[in-house]
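**Student:** Have a look at the structure that comes next, please.
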Amino acid sequence: MTTIHWDKNSSHKHLTPNEAHIYFADFSKTRLDIDKEKTILTTDELKRAQRFYFKKDHDRFIICHVILRKILSHYLDCLPQELTFKFAEKGKPYLELNLKKNKLNIKFNLSHSGQFAIFAFNLDSDIGVDIEAIVENPKQRELVHRFFSKKEQEDLNSLPENQKTLAFFKCWTQKEAFLKATGKGFSLSLKDFDVDVFPNHEASFTNIRHKDFSIQNWHLHTLKPSIECIGSLCLKGEPKKLRCWRWD
C-alpha cells in the first residue's frame with residue numbers, strides 16, 4: 001500500500017487543478033478556543049450544534065465547521081464568515097456559486113468519527129471522504145451482511161480474525177466516500193459496487209454495476225493518519241496528487 005506523508009499544517013498552500021488537499025484533525029490535540037472561534041459560524045450552524053445532547057459532540061461539530069471555514073477562506077482569500085453554504089438534495093454541502101470571492105470552483109467534503117475529522121478539497125472534481133475510528137463493533141457481522149456485496153463478504157470472511165476489523169472499516173469508508181462523492185447518499189445501494197477489502201492492498205473499485213457510473217471515472221485512496229482510525233477518499237475524473245496535512 002502506498003504510504004501517504006502527513007505534514008504539519010502550514011498556511012502557505014495553493015490548490016492547483018492536479019492536486020487534492022486533505023487535512024486531518026484530532027480533536028484531543030486541536031488547540032481552538034471554541035467560544036471565541038464559533039463567532040465565525042452562522043446562526044443555522046450554531047442551532048445545528050445545539051441539537052447534540054452531549055457537550056463533546058456539540059464542541060466537535062463547532063470545531064469541524066470552524067476548521068472548514070478557515071481552510072476555505074484561505075484558498076479564497078476572504079474572511080471565514082463571508083462564506084455561504086448550500087446543500088444538495090441529499091444533503092451534501094457546497095459553496096454558493098455566486099459568492100464574489102469564489103474565484104475557484106472548489107469542491108469539498110468532510111467527515112468525523114469520535115475524536116477524529118478529515119477534510120478534502122480539490123478544484124472541479126466531485127469528491128467524497130469518510131473516516132472511522134477503529135473500534136470493535138458488535139453489529140459488524142450484521143452490517144457486513146446488510147450492506148456489503150457478495151464478493152466483499154467472501155473476501156472479508158477469507159481473512160484471519162485479527163484482520164477483519166480493519167478490513168471492515170477499510171471497506172466501509174471506501175463505500176461511504178463513493179456515496180458522498182456522487183452526492184447520491186444512501187439512495188445508491190452499497191451493493192451496487194465492489195471495493196477491495198484487503199488491508200494490505202491499495203484502495204480500489206473491483207466492479208461497479210450501476211448504469212450511471214463507470215469504474216474508469218472514479219478513484220479511491222486509503223487515508224491512514226493514525227493507528228486509531230482509517231479513512232478513504234473518492235475522486236471523479238483524472239487521478240490527482242494527494243497532499244496531506246495535520247491540523248493543529
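The values are calculated or read from the model by the stated rules, or taken from the named source; none is laboratory data. None of the values given here were measured: they were computed from a predicted structure. When we count neighbours, we look across all protein chains shown, and the Cβ atoms used for this are built from the backbone with ideal geometry, even at glycine.
**Student:** Scan the range 50-59 residue by residue and report those that are exposed (fewer than 10 other Cβ atoms within 10 Å of the Cβ) and either closer than 17 Å to PHE27 by Cβ or touching a residue at least 40 places away in the same chain (Cβ under 8 Å) (or both).
**Tutor:** Answer for the range 50-59, where residues must be exposed (fewer than 10 other Cβ atoms within 10 Å of the Cβ) and either closer than 17 Å to PHE27 by Cβ or touching a residue at least 40 places away in the same chain (Cβ under 8 Å) (or both): PHE54, LYS55.
**Student:** Scan the range 87-110 and give yes if some residue there is among the hydroxyl-bearing types (Ser, Thr, Tyr), outside the structural domain of ALA167 (by TED's automatic domain parsing) and closer than 25 Å to ALA133 by Cα, otherwise no.
**Tutor:** no
**Student:** Turning to a different aspect of this structure: Only one of ASP59, ASP7, ASP35, ASP44 is farther than 26 Å from THR222 by Cα and at pLDDT below 90; which?
**Tutor:** The unique qualifying residue is ASP35.
**Student:** Next up: For the condition touching a residue at least 24 places away in the same chain (Cβ under 8 Å), exposed (fewer than 15 other Cβ atoms within 10 Å of the Cβ) and of a type outside the set (Ser, Thr, Tyr), what is the one hit in LYS38, LYS13, LYS47, LYS29?
**Tutor:** Answer to the check: LYS29.
**Student:** Something else: Report yes if some residue within the range 84-107 is buried (at least 21 other Cβ atoms within 10 Å of the Cβ) and either part of a strand (DSSP E or B) or among the polar types (S, T, N, Q) (or both); otherwise report no.
**Tutor:** yes
**Student:** Go through (1) of a type outside the set (S, T, N, Q); (2) out of contact with any Asp or Glu (no Cβ under 6 Å at 6 or more places or on another chain); (3) over 25 Å from GLN115 (Cα atoms) and name the single condition ILE227 misses.
**Tutor:** Only one criterion in (1) of a type outside the set (S, T, N, Q); (2) out of contact with any Asp or Glu (no Cβ under 6 Å at 6 or more places or on another chain); (3) over 25 Å from GLN115 (Cα atoms) is unmet by ILE227, namely (3).
**Student:** Name the residue, out of LYS170, LYS184, LYS211, that is closer than 20 Å to PHE148 by Cα and surrounded by fewer than 16 Cβ atoms within 10 Å (Cβ to Cβ). Give the steps one after another, and end with the answer.
**Tutor:** On the way: LYS170 fails: surrounded by fewer than 16 Cβ atoms within 10 Å (Cβ to Cβ); LYS184 fails: surrounded by fewer than 16 Cβ atoms within 10 Å (Cβ to Cβ).
LYS211 is the lone residue from the list that is closer than 20 Å to PHE148 by Cα and surrounded by fewer than 16 Cβ atoms within 10 Å (Cβ to Cβ).
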